[in-house]
Each structure stands twice: as C-alpha cells, then as structure tokens.
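Novice: Dropping a structure here in structure tokens format, bear with me for questions.
The values are calculated or read from the model by the stated rules, or taken from the named source; none is laboratory data. What you see is a predicted model; the values in this text were computed from it and never measured. A quick note on method: Cβ atoms are made from the backbone with ideal geometry, for glycine too, and the neighbour counts reach across all protein chains shown. To get the accessible areas, we keep the full protein, side chains included, count just its heavy atoms, and leave off ligands, DNA and RNA. Shrake-Rupley method; radii C 1.70, N 1.55, O 1.52, S 1.80 Å.
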Amino acid sequence: MQTFSVELERKIRDLIYQCGTRAEELAKQPYSVSEKGPEDYVTSVDRELDRLLSSGFSELFPQDGIITEENERSRLAFNGDREQLWCIDPLDGTEGFIQGKPHYSVMIGLLSNFQPIAGWIYAPALQQLYYGGTDWGLFQAVGGSAVEPLSPVEPPPPNSSACPIMLGDRDQRNFGEAIAQLVPGICYSSLGSFGLKVMEVIYGRAGLYLYLNGRVKLWDTAGPVALAKAAGLVCCDLEGKPLSFEPSALSSDTLIHKQPILIGWPSYVEALRSPICEAVLATQTP
C-alpha cells in the first residue's frame, strides 16, 4: 500500500480531529435536519463537515479522486481514471447524532485500484481514533492519548451459550428472529456507526457484523473494511464471495453495495454463514 510519511500521517489525523471538534461544537447549536430518503437523514452538520474534509483531502492529495457522501457530483470520480480514491463519510451514524447519542464517527477510506487499503474512524464524542491498513498495521489514540498500536482480539469460537454478533436495529427487526431460530446462543448488539460496529468485532466484543438491509454505501464501508482486513477478518457476502468494491458490485448512481455484508472472525463466518443465509432466504420467501 501507499506509505505515508510521519508528517503526512499527522496532517491526516489533524484534519480528522479538526472535523470531529467541529462536529461537537455544532451539536450544541441549532442545526437543520432533512431526509434524503426514507429514514435516511442529513443535517447541516453533515454538509459543513463534508466541505471541510473535501477541501482538506483535496489539498493533501491533489492527484487523487475524492468522493464524499454529501457531494453527489463527486461520485463521478468512482468511474474515472484515478488509481486512488478517498471515500469520505463526514458523519457516519447521523440518526444517532440527531438523537444525542455518542456512537457517530468521521470516516475516511482509501481505495487503490478498487481495493480498500487504509481507513480512519474517529468518534469525537468518545475521543476514539482508529486507523491503519493492509501492510501498515492498526493504530489507536483514545481519550487524547498518544498513538499506539492496536491489537485485535479474537473471541472464542461461537457456541450454544455465547454467540455475540453485531446486527443493526433494522436488520434485527427484519431477520433477527429467523436467525435466532437457527443459531443457538446468538446475542445481538448494535451501535450507530457502521465503522464503530466493525471495531466491536476487531476488539472481539462480537464475532461478526452482519449487514443485510441494502442501504450501505461506498463511503460507509471503505475505511472500516480496510481496518477489518488488516485485523485478519473475513469480509464477504452470504455466498462466501469476497466483498467487492469493483464498479460492477455497486449501484452506479448511489454507490450502494449490491452484496449483503459479513465482516467477522474466520471461526464465526465459517460457522454462521450458512444458517444465516438459510434464515434470510426463509424470511424473504413468500
């Protein structure tokens, strides 16, 4: 992967910290809220942070493509001729942010030839920064502390008394009961941000993150998947096919992933993928 100098790595962190500080400031002030689609919220905070990050990364990496969630025109870069693409989600977990919950994050992902190679996840309200990538390593800075290596924690294999997974609220409503009937001992947890859910798996507090509701987009996944791969997790769909970031695997206009997503430790993916697939198919069959 691309090697970042110490100075460039610091500039990226500083820009992300600046964005997080601004998010915390704006959370205490009146801001506007609207819907981009059903239960898909955007705020004036999202848009201001989007502009801040877009400008900052364009300045740091003028030769690369920049794709941001709140700038629809930027999506054209995905089908352009840039080898490297920065995928920016200025406020992942907007719904929780609106509700005053702390589990939202600023997320950055770097694609090289449509492969996620580096990512940054920063939760301002929790003062938690995680970043790294393939052939680079994983790092964290928590509570204002200095950057230090991050060591993934593999949980015990799933069993009938302990099978913790991350499953979003919508997916729990749609599929939770059907999956529980086929997977003894399963226990669901959820957080607002896609990236923070992935971090729960990296830290071994869950063995798998399952995403099924067909709304997740490129800027939601690029950074977290880069970290997941660096941690040794499996990133695949219900058929076991690797999660793809190629143009054919995403909707061309929205950049929504066509594949359902499993991100987990190998023992969890091996044990649970088939019964989860069976449960989902049973739920979707009239």
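Novice: Does Glu278 satisfy the criteria of being open to solvent by 30 Å² or more (accessible area, probe 1.4 Å) and either without any contact (Cβ under 8 Å) to a residue 60 or more places away in the chain or out of contact with any helix residue (DSSP H, G or I) (no Cβ under 9 Å at 6 or more places or on another chain) (or both)?
Specialist: No, not satisfied.
Novice: Here's a follow-up. Residues of the stretch 228-286 being over 14 Å from the mean Cα position of the chain (by Cα) and of a type in the set (D, E, K, R), which ones?
Specialist: Answer for the stretch 228-286, where residues must be over 14 Å from the mean Cα position of the chain (by Cα) and of a type in the set (D, E, K, R): Asp237, Glu239, Lys241, Glu246, Asp253, Lys258, Glu270, Arg273, Glu278.
Novice: Something else about it: When the stretch 241-275 is examined, which residues are found to be closer than 23 Å to Glu69 by Cα and either open to solvent by 70 Å² or more (accessible area, probe 1.4 Å) or outside the structural domain of Tyr203 (by the TED database) (or both)?
Specialist: Glu246, Ser248, Ser252, Asp253, Lys258
Novice: When only residues in the stretch 33-87 that are open to solvent by 60 Å² or more (accessible area, probe 1.4 Å) and in a helix (DSSP H, G or I) count, which is modelled with the lowest pLDDT?
Specialist: Here the answer is Asn79.
Novice: Can you confirm whether Leu238 is of a type in the set (A, V, I, L, M), on the phi > 0 side of the Ramachandran plot and buried (at least 18 other Cβ atoms within 10 Å of the Cβ)?
Specialist: no
Novice: Turning to a different aspect of this structure: Tell me whether the stretch 199-219 contains one or more residues that are within 26 Å of Asn79 (Cα to Cα), modelled with pLDDT of 95 or more, among the small types (Gly, Ala, Ser) and outside the structural domain of Gln127 (by the TED database).
Specialist: There is no residue in the stretch 199-219 that is within 26 Å of Asn79 (Cα to Cα), modelled with pLDDT of 95 or more, among the small types (Gly, Ala, Ser) and outside the structural domain of Gln127 (by the TED database).
Novice: A further question follows. Would a scan of the stretch 134-141 turn up a residue that is part of a strand (DSSP E or B), open to solvent by 10 Å² or more (accessible area, probe 1.4 Å) and touching a residue at least 24 places away in the same chain (Cβ under 8 Å)?
Specialist: Looking through the stretch 134-141, at least one residue is part of a strand (DSSP E or B), open to solvent by 10 Å² or more (accessible area, probe 1.4 Å) and touching a residue at least 24 places away in the same chain (Cβ under 8 Å).
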